[in-house]
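The values are calculated or read from the model by the stated rules, or taken from the named source; none is laboratory data. Everything numeric here is computed off the predicted structure, so don't read it as measured data. Note that each Cβ is placed from the backbone with ideal geometry, even for glycine, and that neighbours are counted across all protein chains shown. Accessible surface areas use protein heavy atoms only, side chains included; no ligands, DNA or RNA. Shrake-Rupley method; radii C 1.70, N 1.55, O 1.52, S 1.80 Å.
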Amino acid sequence: MTVQIQFPDGASRSFDEPATGLQIAESISNSLRKKSVAIRVNSELWDLTREIDADSSVELITRNTEEGLEVIRHDAAHVLAEAVKELFPETQVTIGPAVENGFYYDFARDEPFTQEDFALIESRMKDIIQRNEEIVREVWQRNEAIKYFKSIGEDYKAEIIADLPEDEIISVYRQGEFVDLCRGPHLPSTAALGHAFKLTKLAGAYWRGDANNAQLQRIYGTAWANDQQLKQYLKQLEEAEKRDHRLLAKQLGLFHMQEEAPGMVFWHPKGWSIYQSIKQYMRQAQEAHGYQEINTPQLVDLSLWEKSGHADKFGEDMFSLQVDERNYAIKPMNCPCHVQVFNQGLKSYRELPLRLAEFGSCHRNEMSGALHGLMRLRGFVQDDAHIFCTEKQVQTEVADFITFLHDVYKDFGFDEVLYKLSTRPEKRVGSDEDWDRAEATLAQALDDQGLDWDLQPGEGAFYGPKIEFSLRDCIGRVWQCGTMQVDFSMPARLGAEYVGEDGNKHVPVMLHRAILGSLERFIGILIEQHAGALPFWLAPVQVVITTIVSDADDYAAMVFDKLTAAGIRVELDTRNEKISYKVREHSLQKIPVIAAVGMREAQEGTLAIRRFGSKNQSAMGVDELLALLIQESQPGYVDDSLNEQTAGDTK
RNA sequence: GCCCGCAUAGCUCAGUAGGUAGAGCAACUGAUUUGUAAUCAGUAGGUCGUUGGUUCGAUUCCGACUGCGGGCUCCA
């Protein structure tokens with residue numbers, strides 16, 4: 001018997017008898033065998049040790065590739081489980097997949113694991129790798145597998161097998177004493193895993209992700225193809241930590257939070273300056289796009305939320321209170337209030353589309369464990385707006401919105417946007433026909449703009465499907481910010497109507513939309529994106545004028561007045577300190593421009609300008625600087641003067 | 001909400017095998033007038049998150065509460 005093996009590059013090779021991935025790799029080169037971790041056989045991933053006994057097209061998966069890393073990480077999870085079983089035999093293993101950057105394994109054990117156990121577990125994992133246990137795939141009968149796992153006290157495993165589809169092949173992997181149900185593929189032996197892994201976190205996780213189930217203990221780890229990659233990843237984590245907006249906000253004095261108001265923000269002058277800059281920018285942009293700004297009550301009788309359906313779906317998460325025997329709720333959303341504004345007076349089709357915008361202050365009683373700095377709050381403000389229009393107008397409105405959103409993101413320095421379409425959830429209002437139309441409309445709008453988008457079935461809002469717009473920051477993280485939701489239900493529920501061309505009353509379509517999402521959260525994202533050094537137009541303090549000797553105080557004050565009068569946010573630092581001390585302090589505060597003045601500058605009418613991030617200075621006249629700064633105050637201005645400076649500046 | 005961890009001066013942190021705490025920075029006072037990432041000296045600053053318990057005695061040990069941090073999304 002011969003087996004014909006076809007490679008991705010079109011070459012082929014025949015073997016006289018069934019061959020394993022290892023043999024195939026070896027037949028090409030020894031180094032390829034060493035690098036390989038699995039083999040794709042007719043689009044299915046196999047172990048390297050599994051025999052290929054029919055003509056096949058194959059592709060060797062090496063450890064440096066995404067798929068190769070997945071195999072390594074999955075193996076790391078198994079080695080982790082084996083180590084835990086050896087050290088804590090009373091533990092039950094459940095599931096342990098590879099995830100982004102690493103892996104985890106969920107364990108059931110009465111006694112909690114602690115971080116101190118990590119060293120012990122890691123060293124046992126290294127032992128297991130040292131032992132170089134062969135990893136062997138076996139195919140079992142379903143009933144036998146269930147019986148086996150039950151007999152060794154692994155009830156969770158037995159449950160998983162029992163729930164597998166009838167036709168699923170039950171494969172188990174044996175390494176040393178440890179046997180685990182697994183689809184594979186796996187490395188040929190534990191030594192192939194290498195040492196580039198580290199246990200990182202301990203967490204609770206529900207069995208099958210359901211909060212009604214038992215809580216398991218999850219151990220997270222990271223694993224890589226080699227030590228260098230691991231080191232790089234750990235360094236990257238450190239970098240991300242330095243950008244943490246909570247840390248930076250404290251250092252830069254932007255805001256604080258305290259026990260008495262969990263999940264809510266006390267904005268300090270500098271943080272509020274950023275907030276106002278963003279709000280003013282959005283206000284102007286929305287006006288230019290045909291929106292009218294409104295404002296609606298914070299406290300609204302519960303009956304409105306009952307009519308809108310929010311009380312039914314989110315009642316538990318709303319802050320509500322009883323006053324004079326009436327039940328009120330603090331608004332968790334703005335939409336029902338916007339419908340009330342729409343409902344005032346009889347509307348004509350001529351008035352549509354009507355775009356009502358509000359910087360809507362909302363409060364939601366988020367789970368305490370979900371709160372996270374500015375990223376997840378209980379009190380926040382949305383750049384919210386609702387567009388009331390006819391069904392015919394939806395397409396154009398959605399398209400215009402997407403263009404608008406792109407412009408805004410660009411001004412904030414985000415060029416990469418990701419798109420997701422979320423469709424009808426199980427718990428919803430509205431007819432299936434409405435949902436069909438709404439979903440199709442959104443999909444069409446995305447396609448019309450030639451955008452790549454992902455489908456998220458079942459993730460829509462309860463009243464309609466939505467497009468979610470996410471942006472990617474400079475270190476690769478993705479943040480969902482914008483949203484566009486079609487709503488065929490709420491206007492009818494709340495009695496919104498307009499008189500159409502035909503003289504009859506019609507229910508308008510309502511589009512819910514936001515670009516930044518929550519202003520607070522968006523500021524958090526901006527802080528992390530820029531590591532606290534916000535672009536000039538957003539910086540709370542744009543320029544610090546600092547004196548070198550007190551004889552220059554008067555001149556410094558004159559410059560300060562001039563810049564302030566021109567609308568630049570300036571601080572004057574005439575403290576009796578050395579210039580290096582002041583420069584250090586303002587640099588740590590990430591002030592975009594430090595203008596130092598001594599007697600020389602006072603006499604010449606100049607400033608010694610030092611830009612954030614640069615060690616160099618350049619002399620500049622006051623008017624010259626002012627012209628430059630006014631230009632940089634434009635939203636979206638990209639500061640490339642730094643590059644020019646490093647290239648051509650002399651001290 | 002649930003699991004694990006954490007809570008000491010304005011900030012970052014040390015400490016007490018149970019005997020009411022200490023450093024650096026910041027603040028304040030004084031000296032210094034300084035040329036681009038920390039000038040020197042002094043002073044002041046804490047109910048050791050809240051609350052119960054154990055104890056002669058608790059910031060320290062135990063419990064509860066509150067808040068914060070990580071996770072609970074990636075499905076053998």
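Remarks
- Residue pairs, from the table A:Lys270/A:Lys582; A:Lys34/A:Lys235; A:Lys250/A:Lys410; A:Lys250/A:Lys270; A:Lys270/A:Lys590; A:Lys198/A:Lys231, whose Cα atoms sit over 22 Å apart: A:Lys34/A:Lys235; A:Lys250/A:Lys410
- Relative to one another, the C-alpha centroids of segment A:117-156 and segment A:48-89 are positioned 14 Å apart.
- Carbon/sulfur fraction of accessible area - segment A:3-62, other protein chains in place, 1.4 Å, %: 41
- Those lysines that a straight Cα-Cα span of less than 16 Å connects to A:Lys150, excepting residues fewer than 8 apart in one chain: A:Lys85
- Carbon and sulfur %, accessible surface of segment A:543-642 computed with the full protein complex present, 1.4 Å: 51
- Residues whose placed amide H lies under 5 Å from that of A:Gly517, excluding near-sequence neighbours: A:Asp383
- Pairwise Cα separations in segment A:8-122 fall into 5 Å bins from 0 onward with the following percentages, short to long: 2, 11, 17, 18, 13, 11, 10, 8, 5, 3, 1, 0.
- Orientation-averaged projected area, Cα convex hull of segment A:292-421 (nm²): 10.6
- Values of log10 I(q)/I(0), in the order q = 0.06, 0.08, 0.12 Å⁻¹, for chain A under a Debye, Cα-only, solvent-free model: -0.50, -0.84, -1.26
- 1.4 Å probe accessible area per residue over chain A, in Å²: 49
- For segment A:287-529: Kirkwood Rh in Å [reciprocal of mean 1/r, alpha carbons]: 18.6
- Out of every Cα-Cα pair that segment A:211-275 contains, those further apart than 18 angstrom amount to 62 percent.
- Tail weight of P(r) past 24 Å, computed on alpha-carbon pairs of segment A:60-166, percent: 31
- Debye log10 I(q)/I(0) for segment A:431-525, one point scatterer per Cα, at q = 0.12, 0.21, 0.25 Å⁻¹: -0.50, -1.13, -1.31
- Dimensions of segment A:67-240 along the principal axes, based on C-alpha atoms and rounded to the nearest Å, stand at 48, 36, 27, largest first.
- Rg ratio (alpha-carbon, reference 2.2 N^0.38 Å) - segment A:21-82: 1.13
- log10 of Debye I(q)/I(0), alpha-carbon scatterers only, for segment A:543-642 at 0.10, 0.13, 0.18 Å⁻¹: -0.23, -0.40, -0.79
- Taking a straight line from the alpha carbon of A:Lys147, these aspartates and glutamates sit under 15 Å away, with near neighbours fewer than eight places off in the same chain left out: A:Asp155, A:Glu159, A:Asp163, A:Asp180.
- Once both labels are positioned 7 Å from their Cα atoms along Cα-to-Cβ, the gap between A:Leu346 and A:Met264 label points is 4.3 nm.
- Kirkwood Rh in Å, taken over all unlike Cα pairs in segment A:327-401: 14.5
- Where both bridge residues fall in chain A, DSSP classifies roughly 85% of the beta bridges as antiparallel.
- Loop-located GluC sites (Glu not before Pro) in segment A:94-183, at most 13 other Cβ atoms within 10 Å (DSSP): A:Glu100, A:Glu166, A:Glu168, A:Glu177
- Overall dimensions of segment A:215-342, expressed as equivalent-ellipsoid semi-axes from the Cα gyration tensor (√(5λ), whole Å, largest first), are 40, 24, 18.
- For segment A:75-228, carbon and sulfur atoms together expose 46% of the accessible surface, with a 1.4 angstrom probe and every protein chain in place.
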